[in-house]
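Let me begin by presenting the structure, written as structure tokens, before commenting on it.
The values are calculated or read from the model by the stated rules, or taken from the named source; none is laboratory data. All values reported here derive from a predicted model rather than from experimental measurement. Counting neighbours? That spans all protein chains shown, and the Cβs are built from the backbone with ideal geometry, glycine included. Quick note on the areas: whole protein, heavy atoms, side chains included, nothing else; ligands and nucleic acids left out. Shrake-Rupley method; radii C 1.70, N 1.55, O 1.52, S 1.80 Å.
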Amino acid sequence: MNNTDPCPCKSGKEYGECCHPYIAGVKKAPTAEALMRARYSAYAAGEIDFLKESSVPAVQEEFDEAASRAWSRAAKWHGLEIISTEKGGENDTTGVVEFRAAYTANGEFCNHHEVSTFVKDEEGNWKFEDGEMVGETPTVREEPKVGRNDPCPCGSGKKYKKCCGKDK
């Protein structure tokens, strides 16, 4: 990736003035959000070593470099949307970033929605600690679902499929 290319994190800045200095180790990410953006850009740019280095030791131990490298190469990266941040400022020691990472893998568009936690180490470097996927909120019914062959809840005495469920 060229330093004058738009940054993959969709900040509106060039890669060389946005995420690349953090990935290259020239500068420390000042906030948890800055590190999150750099981690996304590292996937897009194939900078897998940075992903491991920017994680806490427990994550580093479980990090699968080969799988991450393969995923990075196979995916087409579309951008990052920061939904919210909690703490994670320059004077904080912990932070939470909720984001959506858009990419296409195996011909399928994906919108990875996650809440990630970050901590600062002893040297003042932000590190990725953990991430939790955010799923769609399931529909919760107050009453049981009416089956096609159940009696219609309207009280007609007919099966649901022959009464109120006829057009469904």
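Yes/no per residue for (1) more than 18 Å from the chain's Cα centre (by Cα); (2) among the aliphatic types (A, V, I, L, M):
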residue: 76; (1), (2): no, no
residue: 91; (1), (2): yes, no
residue: 119; (1), (2): no, yes
residue: 156; (1), (2): yes, no
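Taking the stated definitions as given, is residue 130 modelled with pLDDT of 95 or more, surrounded by 11 or more Cβ atoms within 10 Å (Cβ to Cβ), within 20 Å of residue 42 (Cβ to Cβ) and of a type in the set (Asp, Glu)? Spell out the reasoning first.
Values: modelled with pLDDT of 95 or more: yes; surrounded by 11 or more Cβ atoms within 10 Å (Cβ to Cβ): yes; within 20 Å of residue 42 (Cβ to Cβ): yes; of a type in the set (Asp, Glu): yes.
Spelling it out, residue 130 is indeed modelled with pLDDT of 95 or more, surrounded by 11 or more Cβ atoms within 10 Å (Cβ to Cβ), within 20 Å of residue 42 (Cβ to Cβ) and of a type in the set (Asp, Glu).
Picking from 41, 11, which residue would you name as being at pLDDT 95 or above and either in a loop (DSSP other than H, G, I, E, B) or touching a helix residue (DSSP H, G or I) at 6+ places or on another chain (Cβ under 6 Å) (or both)? Even if it seems obvious, please write down each step before you answer.
Working: 41 fails: either in a loop (DSSP other than H, G, I, E, B) or touching a helix residue (DSSP H, G or I) at 6+ places or on another chain (Cβ under 6 Å) (or both).
The unique qualifying residue is 11.
So, residue 89, is that one in a loop (DSSP other than H, G, I, E, B), farther than 30 Å from residue 25 by Cα and among the small types (Gly, Ala, Ser) or not?
Working: in a loop (DSSP other than H, G, I, E, B): yes; farther than 30 Å from residue 25 by Cα: no; among the small types (Gly, Ala, Ser): yes.
Here the answer is no, as residue 89 does not meet what is asked.
Here is a check on your reading of the model: is residue 135 at pLDDT below 90, exposed (fewer than 12 other Cβ atoms within 10 Å of the Cβ) and under 17 Å from the mean Cα position of the chain (by Cα)?
Values: at pLDDT below 90: yes; exposed (fewer than 12 other Cβ atoms within 10 Å of the Cβ): yes; under 17 Å from the mean Cα position of the chain (by Cα): yes.
Taking the combined requirement at face value, the residue satisfies it.
Please verify whether the stretch 105-123 includes one or more residues that are over 18 Å from residue 37 (Cβ atoms), open to solvent by 70 Å² or more (accessible area, probe 1.4 Å) and not in a loop (DSSP other than H, G, I, E, B).
Pass one, the stretch 105-123, residues over 18 Å from residue 37 (Cβ atoms): 105-110, 121-123.
The next check asks that each one be open to solvent by 70 Å² or more (accessible area, probe 1.4 Å); those that pass are 106-109, 122-123.
Imposing the further condition that a residue be not in a loop (DSSP other than H, G, I, E, B) reduces the set to 108-109.
Yes; the residues of the stretch 105-123 include at least one that is over 18 Å from residue 37 (Cβ atoms), open to solvent by 70 Å² or more (accessible area, probe 1.4 Å) and not in a loop (DSSP other than H, G, I, E, B).
Go through the stretch 65-104 and give me each residue that's on the phi < 0 side of the Ramachandran plot and open to solvent by less than 30 Å² (accessible area, probe 1.4 Å). Can you show your working first?
Residues of the stretch 65-104 that are on the phi < 0 side of the Ramachandran plot, as a first pass: 65-78, 80-86, 89-104.
68, 72, 75, 80, 89, 95, 97, 99, 101, 102, 103, listed by residue number.
Kindly provide the set of residues from the stretch 148-161 that are assigned to a loop (DSSP other than H, G, I, E, B) and touching a strand residue (DSSP E or B) at 6+ places or on another chain (Cβ under 9 Å), ordered by number. Walk me through it before giving the result.
Start the filter on the stretch 148-161 by keeping residues that are assigned to a loop (DSSP other than H, G, I, E, B), which leaves 148-150, 152-158.
Scanning the stretch 148-161 gives 148, 149, 150, 152, 157, 158.
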